[in-house]
1. Which loop chymotrypsin sites (Phe, Trp or Tyr not before Pro) in region B:64-94, with loop taken from DSSP, have no more than 12 other Cβ atoms within 10 angstrom of their Cβ?
2. Averaged over its residues, how many other protein chain Cβ atoms are within 10 Å of peptide A:45-52's Cβ atoms?
3. Could you work out, for chain A, what percent of all Cα-Cα pairs fall into each 10 Å distance bin, beginning at 0 Å and stopping at the bin that holds the largest distance?
4. Quick one: angle between helix B:77-86 and the longest Cα principal axis of chain B, in degrees between 0 and 90, rounded to 10, please.
5. Could you derive backbone 3J(HN,Hα) for region B:315-323 from the dihedral phi with the Karplus parameters 6.51, -1.76 and 1.60 (θ = phi - 60°), listing whole Hz in sequence and x where the residue is Gly or Pro?
6. ³J(HN,Hα) across region B:294-304 via Karplus (A = 6.51, B = -1.76, C = 1.60, θ = phi - 60°), whole Hz, x for Gly/Pro?
7. Quick one: length gained pulling B:ARG61 to B:GLU363 fully straight, 0.36 nm per residue minus the C-alpha distance?
8. Would you mind counting up the charge near B:PHE63? Only other residues with Cβ under 9 Å from its Cβ, with Lys and Arg at +1 and Asp and Glu at -1.
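Derivation of every value follows stated rules applied to the coordinates shown; laboratory data play no part. Since we're looking at a predicted model, the values are computed, not measured. Here Cβ is always computed from backbone atoms with ideal geometry, including for glycine, and neighbour counts include all displayed protein chains.
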Amino acid sequence: MGNASSTLTQYDIEEVQEHCNYLFSQQEIVALYERFCQLDRNAKGFISADEFLSIPEFSLNPLSQRLLKMVDGLNFKDFVAFLSAFSAKASLQHKIERETQLPIIASKSVIFKVYDIDGKGQVTFKDLLEVLRDLTGSFMSEEQREHVLVWVLEEAGYTRNSSILLDDFVKVLSSPGLKMEVEVPVD
Amino acid sequence: MAEALGSSSAEMDLDRPNLEEYLPTDSIQDSPKNLHLRDLLDISPTLTEAAGAIVDDSFTRCFKSNPPEPWNWNIYLFPLWCLGVVVRYGILFPLRVAVLAIGWIVFFSAFFPVHFLLKGYPKWRRKLERKLVEMMCSVFVASWTGVVKYHGPRPSTRPHQVFVANHTSMIDFIILEQMTAFAVIMQKHPGWVGFIQKTILESVGCIWFNRTESKDRGVVGRKLREHVQGVDNNPLLIFPEGTCVNNHYTVMFKKGAFELGCAVCPIAIKYNKIFVDAFWNSKKQSFTMHLVRLMTSWAVVCDVWYLEPQYLRPGETPIEFAERVRDMISARAGLKKVPWDGYLKYFRPSPKHTERKQQIFAESILRRLERK
């Protein structure tokens with residue numbers, strides 16, 4: 001594989017950093033590039049779904065298929081942008097500033113996008129059911145899942161036919177706050 | 001090497017101890033509170049695990065070969081390095097190829113006569129063939145200037161024992177074989193390696209298996225047991241990891257070697273990366289290229305420790321036995337243990353683990369639902 005940082009110039013690093021809203025340090029971007037090159041076996045410039053699935057820990061995650069739709073075929077810049085939602089700085093940012101003041105909170109928007117996988121801009125009952133199905137598998141019946149969802153939705157003031165928007169997500173997930181952090185190993 | 005990918009391929013029954021002990025199962029916290037919308041919408045723990053795996057995972061780390069730090073960066077080191085390259089490629093390499101060629105010629109001219117002429121004297125034939133194979137392996141080791149230090153009592157040739165070692169490259173076998181003629185269990189390879197496997201290694205006693213055939217395991221298990229009982233057979237060497245790992249980690253040992261009802265003698269091998277990294281990444285290069293790389297480096301330095309024979313303890317399962325021996329080898333060679341099966345290089349993990357996570361989550365929801 002060779003020395004990864006020699007193929008990534010300072011300009012490239014700064015461009016990527018800007019694209020991810022400075023949520024990663026330059027060292028972390030270099031480390032992520034090494035990882036990207038390691039996963040992208042034939043240097044195509046993107047990581048295929050198969051290469052993601054060759055990571056056993058990823059493959060056995062219940063939401064791996066939904067996440068694959070989001071990360072399959074991303075180039076390095078977008079790969080970093082996706083992961084920036086999980087950077088320690090993203091969480092810190094939203095701890096320091098009030099949630100309502102941040103236009104889009106990176107971490108919550110990733111969660112929203114996982115639900116709204118077809119990008120309609122709103123999350124329907126069907127989306128909620130699909131994610132719950134991924135998370136519970138054959139250990140809950142379809143009726144049980146629907147029952148649970150209807151119950152919690154009504155308790156929160158929604159109905160079965162409501163469409164949930166990003167702002168609703170932000171509101172619901174605000175308290176007591178979200179911990180979604182991944183550490184990038186820097187040599 | 002054949003790569004079997006995709007969910008359509010046969011599910012591997014990956015036998016292993018409780019993986020949940022190693023993986024985080026914090027997908028849902030055990031809280032007695034009632035169920036709210038937030039609890040269902042908050043998939044952050046699961047997403048964090050997935051993102052964590054994308055950023056760094058303990059399995060891929062086992063097969064990563066870190067490039068050595070360059071040291072040839074200034075005005076006098078660079079010419080020195082260039083001189084070194086000239087010596088290595090221009091003088092050492094041809095010399096070594098010559099040594100290897102002469103070694104092969106001597107070996108074949110002695111082996112085939114012995115093999116055919118001494119058919120009537122099996123004991124003598126076996127003894128001579130063993131010596132010849134040991135000699136050939138020494139020639140190999142010399143061809144990459146192997147500096148091998150052996151520690152511990154040398155293996156003895158007696159029945160009811162099996163040797164296990166950690167696996168970094170096929171040269172592990174050569175290094176061990178030069179000291180003792182082991183019988184070995186191997187994956188069948190194509191090309192010239194396959195030819196050598198078929199002709200020469202048959203004489204020291206070899207058992208073949210095919211990774212991609214799941215029924216193969218029963219057959220192989222039987223052959224192993226038969227071999228271990230035989231008095232005249234060479235001691236059997238097994239690499240229970242089942243694949244080459246980068247010599248910084250050990251992956252899980254397969255239990256096959258540990259349920260034969262005999263003594264298990266662990267061997268730990270640790271390579272010193274000072275001149276060359278001996279890890280053979282079979283996906284990245286062929287064995288020939290790997291050998292060429294070794295032959296164009298200054299030396300291959302390694303330590304081999306023969307450890308104390310171990311027996312299955314009362315009440316211990318073969319998997320626990322395997323883990324215990326893996327602990328010994330990892331501790332001796334300074335390797336870190338990871339809870340993954342080496343075959344995950346070629347196959348996807350069994351859905352059993354995903355199902356376990358789903359079960360935990362589903363049960364916690366149902367439990368809280370009942371409380372309302």
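1. B:TRP71, B:TRP73, B:TYR76
2. 1
3. 8, 30, 34, 20, 7, 1
4. 60
5. Working through the residues one at a time gives x, 9, 7, x, 5, 5, 4, 4, 5 Hz.
6. Karplus-based 3J(HN,Hα) across region B:294-304 equals 5, 6, 9, 10, 5, 7, 10, 10, 8, 10, 10 Hz.
7. 105.4 nm
8. The answer is +4.
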